[in-house]
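What follows is a single structure, written as structure tokens, with notes after it.
Each value in this text was obtained by applying a stated rule to the coordinates, not by laboratory testing. Bear in mind that the values here come from a model prediction, so they are computed numbers and not experimental data. Cβ coordinates were reconstructed from backbone atoms using ideal geometry, including for glycine residues, and neighbour counts include every protein chain displayed.
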Amino acid sequence: MDETLAGVGPRLRALRLTGGATLAELSATTGVSVSTLSRLESGDRRPTLELLLRLARAHQVSLDELVDAPETGDPRVQARPRVRDGVVFVPLTRRPGGLQAYKMVVPGGWPGRPDELRVHEGYEWVYVLSGRVRLLLGEHDLVLRSGEVAEFDTRTPHALSNPSTEPAELLTLFGPQGERMHVTARPR
């Protein structure tokens, strides 16, 4: 364990420098004091789980990457579906922070909250795998069908519903800090 913890400091410094951040900028992002960050990077302080979690999130790496945990041998994401307001969300990424991928199953006739357009930080990309969904986005009222894509800044008022009697399956990518997806496709 001592060997593992001794390697954390150099990895923290490398991640910070690769990201082009100063100790003061990282401190502002994590809420960890500059002196504590400096001592962690130099190996003069042992990291706690709380500090490691904050730093992993700030650097957008998994805790395993931060402490250089051995490979488990199974690269598959063990998706654990969650149901929120009747919609099934299946997480397809396991890295904390940064871009997150989900498969969503929206039941037929699901009303969403058309009278409650949501606004929050981030950027979203939605691809309809099957079925149809209604996307209210600012002044737009769109019906997306299988094979169609929409991407938008989530600071634009938006709501999603399913106007069909059949379930709709979606693939969504969400960037909580406004990260945009870059899709490259050749014209037909």
(message) Quick check for you: which residues of the range 142-161 have the amide N under 13 Å from the point 7 Å beyond the Cα of LEU171 toward its beta carbon?
(response) 147-150
(request) State whether the range 2-67 is rounded, prolate or oblate according to the following rule on the C-alpha gyration tensor (a ≥ b ≥ c being the square roots of its eigenvalues): a/c under 1.5 gives rounded; otherwise a/b larger than b/c gives prolate, and the remaining case gives oblate. (result) rounded
(request) Give the order of THR18, THR156, THR172 when sorted by the count of other beta carbons within 10 angstrom, beginning with the fewest. (result) THR18, THR156, THR172
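Run through the range 27-72 and list the GluC sites (Glu not before Pro) located in a DSSP loop whose Cβ has at most 11 other Cβ atoms within 10 Å. Mind dumping the intermediate values first?
Details: sites: GLU41, GLU50, GLU65, GLU71; in loops: GLU71.
Passing both the DSSP loop test and the Cβ count: GLU71.
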(message) Multiplying the sequence separation of GLU50 and ASP85 by 0.36 nm and subtracting their Cα-Cα distance, what value in nm do you get?
(response) 9.5 nm
(request) Calculate the spin-label point distance for SER42 paired with PHE152, positioning each point 7 Å from the Cα along the beta-carbon direction, and give it in nanometres. (result) 5.1 nm
(request) Answer with one residue from GLY131, LEU160, VAL90: the one whose Cα lies farthest towards the positive end of the charge dipole of the range 82-175, charges on Cβ with Lys, Arg +1 and Asp, Glu -1. (result) VAL90
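Taking R0 as 22 Å, what's the FRET efficiency between ALA21 and THR93 from their Cβ-Cβ distance, rounded to 0.05?
On the way: r = 23 Å, r/R0 = 1.04.
So the FRET efficiency works out to roughly 0.45.
Report the gain in length on full extension from VAL34 to ARG145: 0.36 nm times residue separation, minus Cα-Cα distance, nm rounded to one decimal.
Details: separation 111, 0.36 × 111 = 39.96 nm, distance 5.02 nm.
Extra length available between VAL34 and ARG145 comes to 34.9 nm.
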